[in-house]
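Reading through the C-alpha cells given below for one structure.
The values are calculated or read from the model by the stated rules, or taken from the named source; none is laboratory data. In this text, all values refer to a predicted model and were calculated from it rather than measured experimentally. Note that each Cβ is placed from the backbone with ideal geometry, even for glycine, and that neighbours are counted across all protein chains shown.
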C-alpha cells in the first residue's frame, strides 16, 4: 500500500469521524492552505459563529448518550471477625500482634521456601494460609488456617 493510499484512507476515516461526532460534513469545512508559507488572512474583530449554511442545510441528529443502569444490589459488609478471607491489611487489623510488614515478610519467606526448598531447613508452614487469586497480584490469607497455624506453635518475634 502506498503512502498516498494510506493518507486517502485516513482522511476518509477522519471525515466519517467528524461527521458522526459533530454532525457536520467535511465538505462544509474550508480547505486547508496549500502551503504554510502563505500569509494568514487578517482576522476581523467579529466573533465567529458556529453555524454555517451547510449546518443549516444538513439535518442534525442528536447523539443519544448511553447511561448506566443504576445498580441497587448492596453488599453487606461483614466484620473482620466473621470473614474467612482477609487481605494483608485486614489480617493486620484483626490480629494486632502482626504488623503489615511482618505479614508480608512471612508471605515472602513462605513463598521463597516453596519455590526453592533448602535441604535441612524447615518451612514455617505459612504457605498453607496464603491464597493468590489467578491473574492478580493480590494476596489473601485464609483466616481459619492462619488461626490454626498460630495454634500449632508459630512464634512471633522470638529469637532462639
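Quick notes on this structure:
- Condition check for residue 103: in contact with a strand residue (DSSP E or B) (Cβ under 9 Å, 6 or more places away or on another chain) and modelled with pLDDT of 90 or more: yes
- Taking segment 88-141 as the range and being farther than 17 Å from residue 153 by Cα, part of a helix (DSSP H, G or I) and over 30 Å from the mean Cα position of the chain (by Cα) as the test, the residues that pass are 113, 114.
- Pick from segment 126-156, criterion in contact with a helix residue (DSSP H, G or I) (Cβ under 6 Å, 6 or more places away or on another chain) and farther than 13 Å from residue 91 by Cβ, ranking: surrounded by the fewest Cβ atoms within 10 Å (Cβ to Cβ): 128
- Any chance residue 61 is at pLDDT 60 or above, within 33 Å of the chain's Cα centre (by Cα) and part of a loop (DSSP other than H, G, I, E, B): no
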